[in-house]
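Enquirer: Input: one structure, supplied below.
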Amino acid sequence: MIQKAGIALGLLVLVALAVPAGAPLQISYVASDSMSPTIDTNEGYVLVPVDAVQPGDVITFYSEERATYVTHRATQVTPDGIVTKGDGNPSTDQDSGYPLVQPSDVSGKLLTVGRSLVVIPFLGAV
């Protein structure tokens, strides 16, 4: 457990150095397997502000129907809202009965370096 905490802390320090000073960011973790294999249960991530969501962005948004925050991939952006899907789910959230995500409900998108998401192993377990 101490080794896992050390790894998570080390990655947090690296992220802090990589993110521009003064940039608002949040650190959280996933609690389910809906984004697996991209992000596994208990893996952490860094959330950064987003002006406009693009298809392919992994975003965190508040879902009133679920009464919680959800981290899923934006698969389509329409004038009526954003279609989302967990990478590990067989269908979109909207095919499962949830409404389109509104831009005002988006908290941010996950930090990427190049084309790779910055993931913090074991953060949820720590």
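Throughout, read-outs are computed from the coordinates displayed, never taken from laboratory work. Note that the structure is a prediction, hence the values are computed from the model and not measured. Ideal geometry is used to build each Cβ from the backbone, glycine not excepted, and the neighbour counts take in all protein chains shown.
Enquirer: Can you check what the net charge comes to around ALA74, using other residues whose Cβ is under 10 Å from the Cβ of ALA74 (Lys, Arg +1; Asp, Glu -1)? Write down the numbers at each step before the final one.
Expert: Values: positive: ARG73, LYS85, LYS109; negative: ASP57.
It works out to a net charge of +2.
Enquirer: Let me ask something else. Of the chymotrypsin sites (Phe, Trp or Tyr not before Pro) in segment 22-84, which ones lie in a loop per DSSP and count no more than 12 other C-beta atoms within 10 Å? All intermediate terms of the calculation are to be shown ahead of the outcome.
Expert: Values: sites: TYR29, TYR45, PHE61, TYR62, TYR69; in loops: none.
Passing sites in segment 22-84 do not exist.
Enquirer: Please sort by residue number the GluC sites (Glu not before Pro) in segment 23-126 whose DSSP state is loop and whose Cβ has at most 13 other Cβ atoms within 10 Å.
Expert: On the way: sites: GLU43, GLU64, GLU65; in loops: GLU43, GLU64, GLU65.
Taking segment 23-126 and a limit of 13 other Cβ atoms within 10 Å, the loop GluC sites (Glu not before Pro) found are GLU64, GLU65.
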